[in-house]
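Here the structure is laid out as structure tokens; the discussion comes afterwards.
The values are calculated or read from the model by the stated rules, or taken from the named source; none is laboratory data. Every value quoted in this text rests on a predicted model; they were computed, and no experiment measured them. Every residue, glycine as well, gets a Cβ built from its backbone with ideal geometry; the counts of neighbours run over all protein chains shown. All accessible areas refer to the heavy atoms of the entire protein, side chains included, with ligands and DNA or RNA removed. Shrake-Rupley method; radii C 1.70, N 1.55, O 1.52, S 1.80 Å.
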Amino acid sequence: MFSYAPSKLMFFFFFLSIILSNNSVTQALSPNTNIGVIIDEGSRAGKEQKTAIEIAVQKLNSGSKNRNLTLHFKNSSGDPLEAADSANELIKQQNVRVIIGTDSWEETTLVAKTGQRDQIPIISLTSDSSQPLSPLQWPFLIQMTNLDMSGEINCITSFVQSYNWKRVIVIYEDNVYGGEYEALSLLSESLQNISCIIEHRLVVPHFTLPFDPKETIRDKLVEVLTSKQSRVFILLKSTLPTATRVFEEANKLGFMGQDSVWIIGDTVSSFLDSIDPSVLQLVQGALGIKQYYSDKNTQFQNFRTNFKANFRSNYPTEDKFEPGIHAIRAYDSVETISQALDRLGNLNDTKLLDTILSSNLSGLTDRITFQNGRLSMPQILQLVNIIGKSYKELGFWSPELGFSNNLEFVGDHDFGVNWPGGLMNRIPKGWAMPTNARKMRIGVPDSTSFDRFVKVEWIESTNETKYSGFCIDVFKAVVTTLEEQYRYTLAYEFVNHSGAYDDMVEQVYYKKYDAVVGDVTILANRSKYVEFTQPFTESGLSMVVPVKSEPQRAWKFMRPFTVEMWLATCGILLYTMFVVWFMEHQVNREFRGPWKDQLGTALWFTFSSLFFAHKEKIRSNHSKAVVVVWLFVVFILTSSYTASLTSMLTVRMLEPTVTNIEWLRKTNAPVGCDPDSFVHNYLINVLKLNNVKNITFQKDYPDNFKNGTISAAFLELPYQKYFVSEYCNEYTTVGPSYQLGGLGFYKFLVRW
């Protein structure tokens with residue numbers, strides 16, 4: 001037995017050596033592929049990408065006996081030149097066959113040039129490019145996204161258009177390589193197509209320790225507060241730390257209140273799942289635009305669980321451990337490379353590029369296929385509303401179908417947005433008056449003939465000037481409409497003007513006033529200096545004259561008919577009486593007897609028939625025919641008389657003392673007008689009236705008429721209507737109305 005044990009032991013070691021040698025041969029035969037990764041390891045995106053790539057490689061290496069992936073990480077620190085140097089080092093020293101990474105358009109282009117030189121595929125994880133990068137220009141570049149800034153900009157423009165905002169302020173982080181200017185140019189052009197302008201471009205410096213741009217950001221925002229009107233802020237491109245500083249300072253200055261709007265681009269919105277809740281509290285009500293991806297499938301849920309565990313272990317100081325779009329793109333990149341390597345027998349970089357571009361596999365959230373060097377899935381952006389410690393999903397946007405509440409893009413969209421400042425029941429106006437904005441100086445005539453239209457008076461008790469009248473009320477109504485319907489607050493102040501109206505209009509041209517509010521008539525010579533608004537009263541000049549006095553008469557009831565009419569009526573009555581008597585007294589006893597009785601009966605019958613009160617019966621058919629005609633005449637006469645008398649008793653007939661302007665010219669009768677208006681010259685030069693008197697105030701017209709100073713007054717139509725309504729029993733208008741000024745009267749004037 002003792003000799004048997006050594007033989008068994010030798011047999012055991014023999015088989016063990018065979019197993020170990022086979023395993024070594026297997027490992028030696030397993031091809032190793034070096035993969036370069038260039039990320040900003042200090043950023044949230046870089047941390048997510050590194051964690052996701054490590055998870056993917058660990059999973060693939062543990063599940064494959066035929067291939068081994070080796071990672072070589074390089075930290076670009078967000079510097080494009082550092083990224084380019086890293087790419088060159090990975091290719092030359094580490095012999096990598098593919099490079100993943102690049103978080104900006106500047107990094108992508110520089111690294112892609114290096115890859116093109118050495119024919120190494122470059123998989124970009126950024127959607128930061130302003131336009132789709134052409135495969136002809138970048139043949140070895142593979143974009144692990146189907147989005148670029150142009151899609152995001154079109155979405156922002158559509159959103160601004162849907163709410164009819166006309167001015168915006170664009171915020172973007174300064175970039176020494178100028179990558180943001182192309183995106184800004186695209187946004188400006190897109191907004192111009194919807195009649196919207198970029199009122200201000202707020203460039204904020206890059207946040208790099210130990211430099212904190214807080215003071216600079218505050219100064220730039222104070223400039224917006226004091227001198228800019230728009231409150232629609234578009235955060236176009238920014239890193240998360242810089243955006244956080246912007247939110248902090250904007251909140252302190254009150255830019256997160258009601259009637260402000262914040263639209264946050266994908267460069268910041270893509271981190272909403274990982275942002276510290278305290279940062280979200282700074283931008284309550286803001287709208288975020290981010291790439292949509294589905295997180296409901298089992299593959300993503302498994303990845304999410306694994307990611308959160310690894311991320312928490314690697315970066316315990318982070319606030320949240322959820323994976324975002326950056327982690328998804330990084331994971332899918334490794335999966336794509338692995339499957340391309342499995343399908344590729346001979347590892348040739350050119351063939352590897354073609355194999356990757358021909359991929360068709362299931363990624364974490366969608367199918368992975370490529371077209372023109374980029375993912376070919378539909379472009380869908382998601383709109384979210386920051387509320388509380390997270391956000392609410394509002395809807396979706398696609399370039400072809402626009403906005404929708406659902407992914408089927410069926411039906412109209414209806415976003416229930418919680419706007420900044422807790423505003424929910426209306427759309428924010430998106431603008432505010434700057435704190436140091438100069439008020440519009442609006443000239444107002446301080447002395448007018450008819451103070452019902454413009455009245456300026458000094459109130460001693462309050463030590464202020466009061467402006468009232470119809471024109472002032474119209475102006476204030478317009479200002480109120482601007483505030484309520486168009487959410488525009490007009491800052492203005494009234495300034496008294498002493499002098500002629502023409503001089504007041506010229507002061508607008510000479511920039512003493514920004515506008516004029518008052519009873520100013522549109523005239524051709526005035527239109528040479530200023531631009532008039534649309535008229536709100538009719539234009540014209542009419543003549544007002546006194547009416548003849550009418551004494552009270554006891555016989556006024558006789559006036560409805562003329563003397564001729566009364567005589568004709570009496571003649572017809574007597575004729576009818578005679579005919580009826582002649583035909584009836586032969587056959588009707590009521591018309592017989594002494595001649596006085598016959599005459600009285602015939603007269604009474606005819607007269608009482610005027611009131612249809614006759615009692616006598618008619619026997620003769622000829623008499624009946626005569627009476628029928630008479631009753632018809634009676635009906636016409638009584639109706640006409642009643643109507644005429646009623647009109648005379650209820651409406652006084654005004655008879656003017658002057659009937660036409662020709663009489664004024666022939667007699668050189670004096671006429672009155674407003675001394676400060678253009679009417680005086682118009683009467684002399686156009687109507688050829690030489691005896692023109694100036695009447696300063698409305699109350700002076702009646703006295704001048706009564707003492708004979710003037711025979712007629714020429715008033716503009718609004719004045720004329722008001723004057724006649726005040727003295728309706730004493731004055732009336734005569735003759736035609738002379739049209740003036742083309743289109744209208746009482747105007748607000750604005751400087752060109």
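Below is a table of values for the structure above.
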item	result
Accessible heavy-atom area order of Thr521, Thr601, highest first, probe of 1.4 Å	Thr601, Thr521
Given Lys252/Lys389; Lys166/Lys512; Lys74/Lys113, the pairs whose alpha carbons are separated by over 27 Å	Lys166/Lys512
Percent RCO, i.e. relative contact order, over segment 76-171, from Cα pairs under 8 Å lying at least 6 residues apart	22 percent
In Å², nearest 10: area of Lys511 left accessible to a 1.4 Å probe	140 Å²
Estimated dipole of the chain in Debye, rounded to 20 [Cβ of Lys and Arg +1, of Asp and Glu -1, Cα centre]	2300 debye
Nearest-0.05 FRET efficiency for Gln258 and Glu726, computed from C-beta distance (R0 51 Å)	0.60
Percentage relative contact order, the chain, counting C-alpha pairs under 8 Å, at least six apart	11 percent
Accessible surface of the chain [probe 1.4 Å, protein heavy atoms]: carbon and sulfur percent	54 percent
Calculated FRET value between Asp503 and Arg426, using beta carbons and R₀ = 51 Å, to 0.05	0.70
Dipole of the chain [Lys/Arg +1, Asp/Glu -1 at C-beta], most positive-end residue of Thr521, His326, Ile38	Thr521
Reach of Lys59 by Cα under 14 Å, taken over aspartates and glutamates that are not fewer than 8 positions away in the same chain	Asp332, Glu335
Relative contact order (%) - segment 361-460, alpha-carbon pairs under 8 angstrom, separation at least six	11 percent
18 Å Cα-Cα reach of Lys688 towards aspartates and glutamates, excluding residues that sit fewer than 8 places from it in its own chain	Glu662, Asp674, Glu716
Beta bridge orientation in the chain: antiparallel %, DSSP, nearest 5	45 percent
Computed label-point distance, nm, for sites Lys113 and Glu564 using a 7 Å Cα→Cβ extension	11.0 nm
Structure-derived Rg/Rh (Cα atoms, Kirkwood Rh) - corresponding label in (i) 1.35; (ii) 1.17; (iii) 1.25	(i)
Protection-proxy order for peptides 317-329, 298-310, each taking the mean of Cβ atoms within 10 Å per residue, highest first	317-329, 298-310
Gln534-Gln161 pseudo-label distance in nm [points 7 Å out on the Cα-to-Cβ vector]	2.6 nm
FRET efficiency, 1/(1 + (r/R0)^6) with R0 51 Å, evaluated for Arg367 and Ser188 via beta carbons	0.90
Those residues of segment 56-96 whose amide nitrogen sits under 19 Å from the label point placed on His206, 7 Å along Cα→Cβ	74-88
Added length on full extension, which subtracts the Cα-Cα distance from 0.36 nm per residue, Leu603 to Glu223	126.5 nm
Nitroxide proxy distance, nm - points 7 Å out along Cα→Cβ at Val474 and Met440	1.5 nm
Probe 1.4 Å, accessible area per residue of the chain, Å²	50 Å²
Total lysine pairs under 27 Å (Cα atoms) in segment 285-370, excluding pairs fewer than 8 apart on one chain	5
Fraction of alpha-carbon pairs over 17 Å apart in segment 377-454 - percent	68 percent
Computed lengthening from Phe557 to Asn681, 0.36 nm per intervening residue step minus Cα-Cα distance	39.8 nm
Extension gain, Glu400 back to Asn525 (0.36 nm per residue minus Cα-Cα distance, nm)	39.7 nm
